[in-house]
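The values are calculated or read from the model by the stated rules, or taken from the named source; none is laboratory data. This is a predicted model, so every value here is computed, not measured. Heads up, the Cβs are rebuilt from the backbone with ideal geometry, glycines too, and the neighbour counts pull from every protein chain shown.
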Amino acid sequence: MKYLLMIAALAASPAFADVPVVEEVTITGDRVSVTLSHPDTGWDHYADGWEVLDAEGNSLGIRELAHPHVTEQPFTRSLSGVMIPEGATAIYIRARCNVDGWSEDLFEVALTN
């Protein structure tokens, strides 16, 4: 039994995960557009969201993705109404999939004044 648990833990480790990758981010006013790539296979495994974070890790907005993008890779989706704190020099984007959850990788977006 212990052996089977070890195999399950290894299979779920990040080294083997197919997490979504943030390819590009553009910001226009309060609108953030994020291009993601992920090996979506259908409803069983797909990128299902991304989040905008400030430098302290506070969420500025979450974009839910309602369906797989098997034949559309990479793909871009936008979120309006994102209020970036005044004086911020960067924001961060992290992506999520319905199997592996939130990626630990943060995509830094340097902000210019």
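What to note about this one:
- Restricting attention to region 77-101, the residues that are at pLDDT below 95, surrounded by fewer than 15 Cβ atoms within 10 Å (Cβ to Cβ), at negative phi and assigned to a strand (DSSP E or B) add up to 1.
- Pairs with Cβ under 7 Å, 6+ apart, first in region 25-51 and under 21 Å from residue 104 (Cα atoms) and charged (D, E, K, R), second loosely packed, with under 15 Cβ neighbours inside 10 Å and modelled with pLDDT of 95 or more: 51/59; 51/62
- Inclusion of residue 104 among residues that are assigned to a loop (DSSP other than H, G, I, E, B) and either of a type in the set (Lys, Arg) or in contact (Cβ under 8 Å) with a residue 60 or more places away in the chain (or both) is warranted.
- Answer residue from region 36-52, given it is surrounded by fewer than 18 Cβ atoms within 10 Å (Cβ to Cβ) and not charged (D, E, K, R) and is nearest to residue 93 (Cα to Cα) among those: 37
- Of all the residues in region 15-70, those that are among the basic types (Lys, Arg) and closer than 19 Å to residue 100 by Cα number 1.
- Flag if residue 57 is among the small types (Gly, Ala, Ser) and surrounded by fewer than 11 Cβ atoms within 10 Å (Cβ to Cβ): yes
To keep it simple, each residue is scored yes or no on (1) of a type in the set (Lys, Arg); (2) touching a Lys or Arg at 6+ places or on another chain (Cβ under 7 Å).
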| position | (1), (2) |
| --- | --- |
| 36 | no, no |
| 42 | no, no |
| 48 | no, yes |
| 53 | no, yes |
| 57 | no, no |
| 61 | no, no |
| 67 | no, no |
| 77 | yes, yes |
